[in-house]
1. Leu117 - would you say it is buried (at least 21 other Cβ atoms within 10 Å of the Cβ) and more than 29 Å from Arg186 (Cβ to Cβ)?
2. Given the criterion of a type in the set (Lys, Arg), touching a helix residue (DSSP H, G or I) at 6+ places or on another chain (Cβ under 7 Å), modelled with pLDDT of 95 or more and crowded, with 21+ Cβ neighbours inside 10 Å, identify the matching residue among Arg212, Arg186, Arg236.
3. Does at least one position in segment 87-98 carry a residue that is among the aliphatic types (A, V, I, L, M), in a loop (DSSP other than H, G, I, E, B), surrounded by fewer than 23 Cβ atoms within 10 Å (Cβ to Cβ) and more than 14 Å from the chain's Cα centre (by Cα)?
4. Hey, does segment 174-184 have a residue that's part of a helix (DSSP H, G or I), out of contact with any strand residue (DSSP E or B) (no Cβ under 8 Å at 6 or more places or on another chain) and not small (Gly, Ala, Ser)?
5. Output the number of the condition that Ala12 fails; it satisfies all remaining conditions of (1) closer than 25 Å to Asp229 by Cα; (2) modelled with pLDDT of 95 or more.
6. Among the residues of segment 150-183, how many are basic (Lys, Arg) and either free of Cβ contacts under 8 Å to residues at least 12 places away in the same chain or closer than 24 Å to Gly283 by Cβ (or both)?
7. Consider only pairs whose beta carbons are under 8 Å apart and that are at least six residues apart or on different chains; among these, list those whose first residue lies in segment 214-225 and is in contact (Cβ under 8 Å) with a residue 60 or more places away in the chain and whose second residue is charged (D, E, K, R) and in a helix (DSSP H, G or I).
8. Consider Asp31 carefully, then state whether it is surrounded by fewer than 22 Cβ atoms within 10 Å (Cβ to Cβ), without any contact (Cβ under 8 Å) to a residue 24 or more places away in the chain and either touching a His at 6+ places or on another chain (Cβ under 6 Å) or not aliphatic (A, V, I, L, M) (or both).
Amino acid sequence: MEYRTIGSGGPAASAIGLGCMGMSTAYGPADESESLRTLDRAVELGVTFWDTADAYGRGANEELLGGWLRTRPGRRDRIVLATKFGLRHDAATGRVDAVDTSPGYVAQACEDSLRRLGTDRIDLYYMHRRDPQVPVEETVGAMGELVAAGKVGRLGLSEVSPATLRRAHAEFPIAAVQLEYSLFTRDVVEGEMLAVCRELGITVVAYSPLGRGMLTGAIGSRAQLSDDDNRRRWPRFAEENFERNLALVHAVRDVAGEIGCTPAQAALAWLLAQGDDIVPVPGTKRAARLEENAAAAGLALTAEQSRRLAAAVPGAAVAGARYPEQAMRRVGH
């Protein structure tokens with residue numbers, strides 16, 4: 001496994017990380033035993049950059065990782081553990097209904113995450129979304145107090161604007177910014193945001209690097225998605241958009257076949273080729289998929305292969321927004 005530094009002088013994280021959300025929520029039924037097996041396999045493969053959040057399953061995902069850590073003594077120091085705060089849920093529906101980045105909430109959220117994770121420190125602590133009514137300097141100032149107290153190692157932000165990132169970094173050093181970035185979603189990162197990150201020495205952590213599973217080539221129809229799979233209500237998986245986007249996946253598959261890898265590996269290798277400051281965190285709850293993803297770190301694409309993969313998915317060809325309307329209102333602040 002290749003390793004990449006998170007921020008200037010930060011921890012060395014596996015170049016391919018592990019998004020843990022789907023182990024507890026969003027992508028159909030959970031399977032705890034398979035998830036724990038996947039976490040064990042991740043350590044064996046050197047996939048040691050793990051991503052979770054207090055919002056995933058309303059704390060259930062952090063509790064899953066905490067249970068794994070408690071029953072595997074001595075393995076905590078091998079993991080670069082990242083979690084997030086800021087999304088709050090409606091008690092009745094269970095759905096996210098507010099963004100809270102108030103300074104008073106920061107310390108409370110951190111303590112709750114530490115308890116669920118069963119650890120005394122969080123290696124990378126993100127503001128999950130930003131409430132534009134709260135000055136980011138106040139939020140990051142409160143997060144910085146957690147670093148001073150030894151409860152957090154480095155700070156990160158998620159789905160913010162370049163201007164917000166600059167303001168936050170001026171208040172307290174930001175090590176990473178987590179953004180949706182894949183062959184399907186390039187406009188969020190490429191351009192001003194990537195330029196700002198590189199100017200300030202901030203790592204881009206790419207979430208949904210496989211287009212929420214579509215770029216794996218394993219989803220051939222909406223019928224494969226269970227009734228409780230969130231993708232059924234996301235625009236790119238909607239009836240009117242699905243076939244158009246699947247055609248793009250087929251184009252990626254064709255290039256991957258010539259390279260000699262799977263579509264998922266090609267998509268991840270393409271991201272790694274964009275720079276040493278890009279770290280994708282593909283999510284999975286299955287050991288077999290983890291192994292497939294991890295193998296992408298060993299692929300070295302030629303410039304021509306990278307160009308052809310990008311050309312297989314022209315930005316304007318992707319059909320549908322990346323989130324439903326309500327969730328889209330929470331990004332880019």
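The values are calculated or read from the model by the stated rules, or taken from the named source; none is laboratory data. Note that this is a predicted model, so its numbers are computed, not measured. For neighbour counting, all protein chains shown are included, and Cβ atoms are generated from backbone atoms with ideal geometry for every residue, glycine included.
1. Judged against the criteria, Leu117 is a match.
2. So the residue among Arg212, Arg186, Arg236 that is of a type in the set (Lys, Arg), touching a helix residue (DSSP H, G or I) at 6+ places or on another chain (Cβ under 7 Å), modelled with pLDDT of 95 or more and crowded, with 21+ Cβ neighbours inside 10 Å is Arg212.
3. yes
4. no
5. (1)
6. Qualifying residue count, segment 150-183: 1.
7. Close Cβ pairs satisfying both conditions: Thr216/Arg289; Leu225/Arg231; Leu225/Arg232.
8. In short, no.
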